[in-house]
Amino acid sequence: QERKLIQLIVKRVIDGVNKMSVNVAKYPVGLDSRVSDVMELLDLQDYRSRMLGICGIGGVGKTTLAKAIYNKLSSSFEARCFLFGIKETSKKFNGLVSLQKQLILEVLNDKHTTIASVDEGINVIKKRFHCKSALIILDDVDDNGQIKALAGARDWFHPKSRILITTRDMHVLNLQKLTKDDIFQLEELNDEQSLQLFSYHAFGRSKPIAKYIKLSENIVQSTGGLPLTLEVVGSLFFDKNSLEEWEDVLKTLRKNQPKDVHQSLRISYDNLDLTEKEMFLDIACFFIGRGKENAIYMWKDCNFFPIIGIKVLLHKSLVKIAGREDEFEMHDQIRDMGRQIVLQDRSPGLRTRLWNNDDIFDVLQHQT
Ligand SMILES: Nc1ncnc2c1ncn2[C@@H]1O[C@H](COP(=O)(O)OP(=O)(O)O)[C@@H](O)[C@H]1O
Ligand SMILES: [Mg+2]
């Protein structure tokens, strides 16, 4: 009896912990100190709700940092909600309302409140979020209207609540009247951290293998300390074994400006074989956020080898798979790099893929 009870408790606890945590980076580097810095700014002891912004360029690790903070802190609150990729969701039809619904569902555990408009959503949040301390993450915000709809003012919230906003655009935070003390500027990794992250992805260990040290340092120099680039470029080297191959890739990298993220990411794409490239572009244009099953059916029909292809794309850190239905995830910088490849054919009628309603309409109407 007692054993069964203990097993039951352990299962409940593990389920509870799993439910609350999100998947952070495969090889986290320099994350702990950043988490501590942000925690200091969040000041959990203060009995006044706080709103804090994390600001930085695309691929620098804002979402990753927010995930690590969420995992660390979410159990200290009565309720929690992580709204991912707000910029993308709010572009969709009724996107902001659907985000409000998710927020209300997760914080209040309320499935029954119906919301017909953004204003109605605001009223519900304003009236009812006082009652619970909540950790709310608004990830990748690009317009002040999104904050207004989800967390318009600090006094909507319980005094122990904390709201964390990630964005590339400082201006959005200024419009929300966040001051310097309320904004954490996320910087690129330093040289040592960069080399470490590169080495994890290229060698599966924290330091380069001896004969690759100099080359690795040179490669890292060309990435500008951006975790996204380090991850993709590092993964590219994982299965390159000869020094000649390394030197070839380094030459290509050196032609780019370190700040030109798309060019650096493009090298990884160029190294894929033909069908892997097709699969990559299909994901970038159509399958982000969708389960892999349908895509696999489609690719099998094209005589591709999707299981191997997906494995390659995962190894190259070009896509990730997560969620209940094995959904494809792709960083928006990588996605945009892929979509730009498709857009190289200027006329929509000549493009291999169309994902934008206006282009589709244009092609159907003019049959170009
Ligand atoms: N501190 C870190 N250590 C290891 N990997 C990181 C770190 N920060 C970010 N990454 C990786 O870099 C990529 C981009 O990070 P992300 O958080 O999505 O950037 P952002 O949200 O700023 O655009 C992700 O794939 C992530 O796993
Ligand atoms: Mg992000």
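The values are calculated or read from the model by the stated rules, or taken from the named source; none is laboratory data. Here the structure is a predicted model, which is why all the values come from computation and not from measurement. Using ideal geometry, Cβ is built from the backbone for each residue, glycine included, and neighbour counts are taken over all protein chains shown. Please note that ligands, DNA and RNA were not included when accessible areas were found on the heavy atoms of the full protein model with its side chains. Shrake-Rupley method; radii C 1.70, N 1.55, O 1.52, S 1.80 Å.
Tabulated data
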{"read-out": "Some residue of the range 314-321 being touching a strand residue (DSSP E or B) at 6+ places or on another chain (Cβ under 9 Å), within 16 Å of ligand 2 (Cβ to nearest atom) and small (Gly, Ala, Ser)", "value": "no"}
{"read-out": "Checklist (1) under 23 Å from the mean Cα position of the chain (by Cα); (2) surrounded by 21 or more Cβ atoms within 10 Å (Cβ to Cβ) applied to residue 208, failing item", "value": "(1)"}
{"read-out": "Positions within the range 38-67 being aliphatic (A, V, I, L, M), more than 13 Å from ligand 2 (Cβ to nearest atom) and in contact with a Lys or Arg (Cβ under 9 Å, 6 or more places away or on another chain), in sequence order", "value": "39, 41, 42, 44, 51, 52"}
{"read-out": "The range 295-320, subset open to solvent by less than 60 Å² (accessible area, probe 1.4 Å) and within 13 Å of ligand 1 (Cβ to nearest atom), residue nearest to residue 25 (Cα to Cα)", "value": "317"}
{"read-out": "All positions within the range 92-136 that are open to solvent by 30 Å² or more (accessible area, probe 1.4 Å) and closer than 25 Å to residue 357 by Cβ", "value": "92, 93, 94, 96, 98, 101, 102, 116, 117, 118"}
{"read-out": "Helices (runs of 4 or more DSSP H) enclosed by the range 1-91 - at least 3 residues per element that are within 30 Å of residue 223 (Cβ to Cβ), within 16 Å of ligand 1 (Cβ to nearest atom) and open to solvent by less than 50 Å² (accessible area, probe 1.4 Å)", "value": "31-42, 62-73, 86-91"}
{"read-out": "The one condition in (1) surrounded by 15 or more Cβ atoms within 10 Å (Cβ to Cβ); (2) not in a helix (DSSP H, G or I) that residue 279 fails to fulfil", "value": "(2)"}
{"read-out": "The range 154-173 - residue that is modelled with pLDDT of 95 or more and either more than 23 Å from the chain's Cα centre (by Cα) or of a type in the set (Lys, Arg) (or both) and, of those, nearest to ligand 2 (Cβ to nearest atom)", "value": "168"}
{"read-out": "Residue among 231, 192 that is open to solvent by 80 Å² or more (accessible area, probe 1.4 Å) and modelled with pLDDT of 95 or more", "value": "192"}
{"read-out": "Conditions (1) of a type in the set (Gly, Ala, Ser); (2) at pLDDT below 80; (3) closer than 26 Å to residue 86 by Cα; number of the one not met by residue 338", "value": "(2)"}
{"read-out": "Complete set of residues in the range 158-178 that are open to solvent by less than 10 Å² (accessible area, probe 1.4 Å) and of a type outside the set (Lys, Arg)", "value": "161, 163, 164, 165, 166, 167, 172, 173"}
{"read-out": "Among the residues listed as 101, 91, 72, the single one being away from ligand 2 (no atom under 16 Å from the Cβ) and farther than 22 Å from residue 185 by Cα", "value": "101"}
